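The values are calculated or read from the model by the stated rules, or taken from the named source; none is laboratory data. Bear in mind that the values here come from a model prediction, so they are computed numbers and not experimental data. We place every Cβ from the backbone using ideal geometry, glycine too, and count neighbours over all the protein chains shown. Surface accessibility is based on the protein's heavy atoms, side chains included, excluding ligands, DNA and RNA. Shrake-Rupley method; radii C 1.70, N 1.55, O 1.52, S 1.80 Å.
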Amino acid sequence: MPAEARAAGAAPDAGFLGRFGWAMFDWANQPIFSVITTFIFAPYFTSFVVADPVRGQALWGYAQSAAGVLIAVASPFLGAMADAAGPRKGWTFVFQVPCVICAAALWWVTPASGPETWTWALAAIAVMTVGAEISVVFNNAMLPDLVPHERLGRLSGYAWGLGYVGGLIALTTVLVCFSLPDQPWFGLDKAMHENDRVVGPLVAVWIVVFDLPLFLFTPDQPHCGIGRAEAARQGARKVFATVAKLGRYRNIALFLIARMIAYDGLSAVFAFGGIYAAGMFGWGTTSLGIFGIVIIVFAAIGAAVGGWLDDRIGSKPTIQGALVGVTFATFGILSMTHDSVLFGIAVDGPVQGGALFASSAERAFMLFAVIIGLCSGPMQAAARTMMARLAPPDMLGEFFGLYALTGKATAFFAPLAIAIMTDAFASQRAGIFAIVVFLVAGFVLMMPVREERAA
């Protein structure tokens, strides 16, 4: 947008290509989470690289916790620094580059390799996670300069939907091209798990190709003319000033804390669900890919239904109802073993070489996964709406900044708790139990929150 038009107060409009390029960033970034850190590479690492699901789950939890600490410390200050300086696309590029490099490097993470490979592989995963999450912060900060205020939600929802579709297509591509065929594309060797390892280079190429529309077509803020050091100082002052204001808005503060803890639990359900299933049932790439597709599809359906519920009954009841559903389903998963459900009821378990999801235990697990998917969408969408309903109209920008900050401030707690519990009890189930604690704590803290706009 020309500086003269901006100064005159004209409504921003990036044009179709500019908006499309910005929204495609979600499409480009989503496979990092859906393919690598959740449904395909993470279970492969724990079950076949470490070759011990319990130890692998603990190591993965520690790595994700370390990444969460870096994200929590860096993202608010870097985001505020970019706000002070002006442009965001350069920062997005800087943090996408390590994502591409680290994703491509995962090809060399071979099965049953030693601790040296585990160490650098987990370091690559942590760096990639940090790069992906912080680049999201800069991409989100571009939104208000692309469309008028009354169309922000529409463009945000469009990008969110593209992210879901991108994740689905990436997972489907892995299944159709590398998992289901007896001979995967490019002559890959299934015995060496090359069909699992190829997801790293695949995601690297995906990011490069689908990031291009953002960098080619989406306009950026002009530089404000201040140096990096001054931008850093201004950014830090802004973060501390915004946090200090929160003490005068206790209802909003309680909501943010409740949402932060509940979201930590929900994120952990997605991050460790595939790892837990791979350890319990011995699922391979095909089963895990289908599991991921089911979760994403029902999360999208749930988000749509949740929007209707949010308008009918309010944001807080929608969030709490969704939390009850996720907690129930997570507890149901905890009640299972490979051949029992509900803490001891015997059922038929998976058979080596049997059909996909043929056993009663696997079907019960998938049923609980569907419930988690259906409830996760409303929980996230209604939380964003509730923030808009609680914040004073003239402070929406500041409080949505806090909303983003608190969404990452404790992102390391749940993975760390899972890792510690898994290590302490030498049990994947004990590690997953930590998730229930986060979900229940979020529900309890949400109870006294009042759904009313702050004065």
For the range 144-157, indicate whether the set of residues that are buried (at least 17 other Cβ atoms within 10 Å of the Cβ), within 25 Å of Ala51 (Cβ to Cβ) and out of contact with any Leu (no Cβ under 6 Å at 6 or more places or on another chain) is non-empty.
no
When the residues of the range 240-296 are filtered to those that are open to solvent by 30 Å² or more (accessible area, probe 1.4 Å) and of a type in the set (Phe, Trp, Tyr), which remaining residue is modelled with the highest pLDDT?
Tyr263
Could you say whether any residue in the range 264-283 is more than 19 Å from Met379 (Cβ to Cβ) and of a type in the set (S, T, N, Q)?
no
How many residues does the range 339-366 hold that are part of a helix (DSSP H, G or I) and touching a residue at least 12 places away in the same chain (Cβ under 8 Å)?
6
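To keep it simple, each residue is scored yes or no on (1) modelled with pLDDT of 90 or more; (2) in contact with a Lys or Arg (Cβ under 8 Å, 6 or more places away or on another chain); (3) open to solvent by 40 Å² or more (accessible area, probe 1.4 Å).
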site: Ala5; (1), (2), (3): no, no, no
site: Gly15; (1), (2), (3): no, no, no
site: Val35; (1), (2), (3): yes, no, no
site: Thr38; (1), (2), (3): no, no, no
site: Tyr44; (1), (2), (3): yes, yes, no
site: Val49; (1), (2), (3): yes, no, no
site: Arg55; (1), (2), (3): yes, no, yes
Looking at Val130, Val137, Val109 in this structure, which one is under 21 Å from Phe217 (Cα atoms) and buried (at least 21 other Cβ atoms within 10 Å of the Cβ)?
Val137
Selected residue (criterion: modelled with the lowest pLDDT) from residues of the range 148-186 that are of a type in the set (Val, Ile, Thr) and under 26 Å from Gly15 (Cβ atoms)
Val165
Output the residue which, of all residues in the range 369-410 that are touching a Gly at 6+ places or on another chain (Cβ under 6 Å) and either more than 21 Å from Ala159 (Cβ to Cβ) or among the hydroxyl-bearing types (Ser, Thr, Tyr) (or both), is modelled with the highest pLDDT.
Ile371
Being open to solvent by 40 Å² or more (accessible area, probe 1.4 Å), modelled with pLDDT under 85 and in a helix (DSSP H, G or I), is that true of even one residue in the range 312-333?
yes
Counting only residues that are open to solvent by 70 Å² or more (accessible area, probe 1.4 Å) and modelled with pLDDT under 75, the range 202-224 contains a total of 2
Since Gly344 meets every condition but one in (1) touching a helix residue (DSSP H, G or I) at 6+ places or on another chain (Cβ under 9 Å); (2) surrounded by fewer than 21 Cβ atoms within 10 Å (Cβ to Cβ), which condition does it not meet?
(1)
Quick one: how many residues across the range 85-139 are among the small types (Gly, Ala, Ser), outside any helix (DSSP H, G or I) and closer than 24 Å to Ala72 by Cβ?
0
